[in-house]
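Okay, so here's the structure we're looking at.
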Amino acid sequence: MKEEIQKTIEVLKSGGIILYPTDTVWGLGCDATNESAVAKIFEIKQRSDAKSLITIVSSDGMLQRCVEEVPELAWDIMDLATKPTTIIYDNAKNLAQNVIANDGSIGIRLIKEGFAHQLVHKFNKPIISTSANISGEPTPTNFDEISTVIKSKVNLIIDNQFDTGKGTSSSILKLANNGEIKVLRN
């Protein structure tokens with residue numbers, strides 16, 4: 001895994017796009033602080049940049065570097081969640097502008113194990129994690145369901161042996177700094 005992670009980090013540093021296994025489904029990823037790399041993801045997915053993308057982090061500290069404030073309730077949700085959970089936070093910071101939603105929010109999932117965790121930890125920056133499909137098409141639940149069009153447009157495809165994902169998308173909660181919670185995807 002060490003060699004695969006090092007090779008992947010080189011691609012990320014150069015602004016490249018990766019196809020990689022996350023804790024949920026296979027994802028398209030790039031350096032979440034690189035605006036031109038993020039633009040490539042929108043282009044590959046044929047997705048409007050009015051819709052923001054999910055970002056993954058590997059530690060509490062990295063999460064805190066991406067948002068102005070992590071509400072106390074967010075820590076409880078992350079501790080108690082029984083499945084991968086993405087939380088949308090107010091007031092994103094230190095990320096590419098085109099990752100941040102028009103209202104200043106950002107969807108972030110803290111990953112604690114597996115290939116994606118190791119990758120983000122070693123890269124020491126947040127990474128985009130969006131499903132590996134054209135916008136509007138079904139989310140592939142495994143590598144074999146990813147279209148050849150998607151596969152042909154990335155700079156690096158991670159070895160399938162590192163796939164330990166659940167094959168289902170994460171829950172998505174919007175958590176406002178005032179304590180209001182909205183379930184966007186269960």
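Derivation of every value follows stated rules applied to the coordinates shown; laboratory data play no part. In this text the structure is predicted, and so the values were computed from the model without any measurement. In this analysis, Cβ positions are derived from the backbone assuming ideal geometry, glycine residues included, and neighbour counts consider all displayed protein chains.
On a C-alpha basis, how far is the centre of the range 100-125 from the centre of the range 39-65 in Å? Whole number, if you could?
So the separation of the two Cα centres works out to 8 Å.
Can you put Ser59, Ser48 in order of Cβ neighbours within 10 angstrom, beginning with the fewest?
Ser48, Ser59
Would you please calculate the Kirkwood hydrodynamic radius of the range 79-186 over all C-alpha pairs and express it in Å, rounded to one decimal?
15.8
Treat the count of other C-beta atoms within 10 Å as a stand-in for reagent exposure and order Arg65, Arg185, Arg109 from fewest to most.
Working: Arg65 14, Arg185 10, Arg109 24.
Fewest-to-most ranking of Arg65, Arg185, Arg109: Arg185, Arg65, Arg109.
Hey, quick one: spin label on Met78, modelled 7 Å out along Cα-Cβ, who in the range 95-118 has an amide N within reach, i.e. under 11 Å?
Within reach of a label on Met78, which here means backbone N under 11 Å from a point 7 Å along Cα→Cβ, the range 95-118 contributes 108-112.
Report, in degrees rounded to the nearest 10, the 0 to 90 angle that the Cα long axis of helix 2-13 makes with the longest principal axis of the chain.
So the helix axis and the longest Cα principal axis differ by about 80 degrees.
Grab the other residues whose beta carbon is less than 12 angstrom from that of Ser58, score K and R as +1, D and E as -1, and report the net. Each step should come with its number before you reach the end.
Values: positive: Arg65, Arg109, Lys112, Lys122, Lys125; negative: Asp23, Asp60, Glu113.
Around Ser58, the charge tally is +2.
Which distance in nm do the two modelled labels at Ser135 and Asp103 give, with both placed 7 Å along the Cα-to-Cβ direction?
1.8
How far, in degrees from 0 to 90, does helix 35-45 lean away from the longest principal axis of the Cα atoms of the chain, to the nearest 10?
Rounded to the nearest ten degrees, it is 70.
Write down the percent of antiparallel bridges among all DSSP beta bridges whose residues are both part of the chain, to the nearest 5. Don't skip to the answer; put the middle values down first.
On the way: 17 of 28 bridges.
Given both bridge residues lie in the chain, the antiparallel proportion sits at roughly 60 percent.
Report the gain in length on full extension from Ser152 to Ala39: 0.36 nm times residue separation, minus Cα-Cα distance, nm rounded to one decimal. Display every interim value, and only then the final one.
Numbers: separation 113, 0.36 × 113 = 40.68 nm, distance 1.69 nm.
Working it through step by step, the gained length comes to 39.0 nm.
At 7 Å along Cα-to-Cβ for each site, give me the label-to-label distance between Asn94 and Glu10 in nm.
2.8
Quick check on the exposure proxy: order Thr82, Thr33 from fewest to most C-beta atoms within 10 angstrom.
On the way: Thr82 6, Thr33 17.
Fewest-to-most Cβ neighbours within 10 Å comes out as Thr82, Thr33.
In deg cm²/dmol and to the nearest 500, what is the mean residue ellipticity at 222 nm of the chain if only DSSP H runs of at least 4 residues count, each as -39500 (n - 2.57), divided by the residue total? Mind showing how you got there, number by number?
Details: 6 runs with 54 residues, N = 186.
Per the formula, -8000 deg cm²/dmol.
Where is the GNM fluctuation largest for the chain (alpha-carbon springs, 10 angstrom cutoff): Glu113, Glu68, Glu137?
Checking each option, the largest mean-square fluctuation is seen for Glu137.
Of Lys153/Lys182; Lys2/Lys182; Lys2/Lys51; Lys51/Lys153; Lys45/Lys122, which pairs sit farther than 30 Å apart, going by alpha carbon to alpha carbon?
Details: Lys153/Lys182 34 Å; Lys2/Lys182 38 Å; Lys2/Lys51 34 Å; Lys51/Lys153 21 Å; Lys45/Lys122 26 Å.
Correct reply: Lys153/Lys182; Lys2/Lys182; Lys2/Lys51.
Give the angle, between 0 and 90 degrees and rounded to the nearest 10, that separates the Cα long axis of helix 114-123 from the longest principal axis of the Cα atoms of the chain.
The answer is roughly 80 degrees.
Using the Cα centre as the reference, give the magnitude of the dipole from point charges on the C-beta atoms of the range 111-186 (Lys, Arg: +1; Asp, Glu: -1; all else neutral), rounded to the nearest 20 debye. Before the final figure, lay out each step's value.
Numbers: 9 positive and 7 negative charges, 67 e Å.
For this selection, approximately 320 debye.
Looking at Ala96, His117, Val154, which one has the Cα that reaches farthest to the positive end of the dipole of the chain (charges on Cβ: Lys, Arg +1; Asp, Glu -1)?
Val154
Please state the relative contact order of the chain as a whole percent: Cα pairs under 8 Å, 6+ residues apart?
Details: 392 pairs, mean separation 63.3, N = 186.
Rounded, it is 34 percent for the chain.
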